[in-house]
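What follows is a short report on a single structure.
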Amino acid sequence: MADELLDRRAVHDELERARTTFHHLLDGASETDLARPTRGTRWNNEQLLFHMIFGYMVVLALLLLVRLFGRLPRGISRAFAALLNAATRLFDVINYLGPLGAVKVYGRRRMGVKFDRVIETLHRRLDAESEADLARGMHYPVRWDPFFKDFMTVADIYRYPARHFDFHREQLTLTSQG
């Protein structure tokens, strides 16, 4: 059943594609490139690159949440999602400010290392998921991210970061993107 929901090989391939692409973008960027404003965001390229990593980091937290809420009656996760949707303005502020500070902590080298670690963790977790785990789901705050659906399974969560990554990649203004 879950294999119908999720092609594990395709997700592993997507994780590796993102890793390769990220390192290509990061390694090919000059300091001028990193400081350049992006298209459609208030971040510069370096900040947006961190936000792209964060999309993968947040999957680890989402997987924990779905393991908890996926065992409870759906109404509980629906109420939790409604509460989070009500806090969207606060989320937007935190979501914007996070990369501003994170790039000062991580910098270019540490961003690449962090991305590699997160990708490796996602590979291991995906391999360990049972079919029942992949089918487990919960309601999500759809106002927080255009790629969140009202109800998402663990399988959906594994598909999420590639969509987020690809969307933001189009907003980068790096000269090395080619």
Inset, instruction - Would you check which residues across the stretch 25-64 are small (G, A, S) and either in a helix (DSSP H, G or I) or within 15 Å of M152 (Cβ to Cβ) (or both) and list them? - result: G28, A35, G55, A61
Legend entry - Pairs, first within 13 Å of L122 (Cβ to Cβ) and of a type outside the set (A, V, I, L, M, F, W, C) in the stretch 1-13, second at pLDDT 95 or above and open to solvent by 90 Å² or more (accessible area, probe 1.4 Å), C-beta under 8 Å, six or more apart: R8/D127
Legend entry - Flag if T21 is within 25 Å of P99 (Cα to Cα), β-branched (V, I, T), open to solvent by 40 Å² or more (accessible area, probe 1.4 Å) and part of a helix (DSSP H, G or I): no
Legend entry - Unmet criterion (only one of (1) modelled with pLDDT under 95; (2) out of contact with any helix residue (DSSP H, G or I) (no Cβ under 8 Å at 6 or more places or on another chain)) for L83: (1)
Inset, instruction - Go through the stretch 96-114 and give me each residue that's in contact (Cβ under 8 Å) with a residue 12 or more places away in the chain and either in contact with a Leu (Cβ under 9 Å, 6 or more places away or on another chain) or open to solvent by 40 Å² or more (accessible area, probe 1.4 Å) (or both). - result: Y96, P99, L100, V103, Y106, R108, M111, G112, K114
Inset, instruction - Any residue in the stretch 134-160 that's under 16 Å from G75 (Cβ atoms): show its pairings with residues that are at pLDDT 95 or above and of a type in the set (K, R) at Cβ separation under 6 Å, as long as the two are six or more apart or on different chains. - result: H139/R78
Legend entry - Looking only at the stretch 126-178, and only at residues there that are among the polar types (S, T, N, Q) and under 16 Å from R67 (Cα atoms), the one that is surrounded by the most Cβ atoms within 10 Å (Cβ to Cβ): T153
Legend entry - Residues of the stretch 61-71 classified as touching a residue at least 12 places away in the same chain (Cβ under 8 Å) and open to solvent by 40 Å² or more (accessible area, probe 1.4 Å), total: 3
Inset, instruction - Give, as residue ranges, the helices (runs of 4 or more DSSP H) completely inside the stretch 65-155 that count at least 3 residues that are under 20 Å from M52 (Cα atoms) and not β-branched (V, I, T). - result: 88-128
Inset, instruction - From the list A87, A79, A35, pick out the single residue that is surrounded by fewer than 18 Cβ atoms within 10 Å (Cβ to Cβ) and in contact with a Pro (Cβ under 9 Å, 6 or more places away or on another chain). - result: A87
Legend entry - Failed condition for L5, given (1) hydrophobic (A, V, I, L, M, F, W, C); (2) under 29 Å from S130 (Cβ atoms); (3) at pLDDT 95 or above: (3)
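The values are calculated or read from the model by the stated rules, or taken from the named source; none is laboratory data. Not measured: the values here are computed from a predicted model. All Cβ positions, even for glycine, are placed from backbone atoms using ideal geometry, and neighbour counts span all protein chains on display. When the accessible area is computed, the model is the full protein with side chains, heavy atoms only, and any ligands, DNA or RNA have been set aside. Shrake-Rupley method; radii C 1.70, N 1.55, O 1.52, S 1.80 Å.
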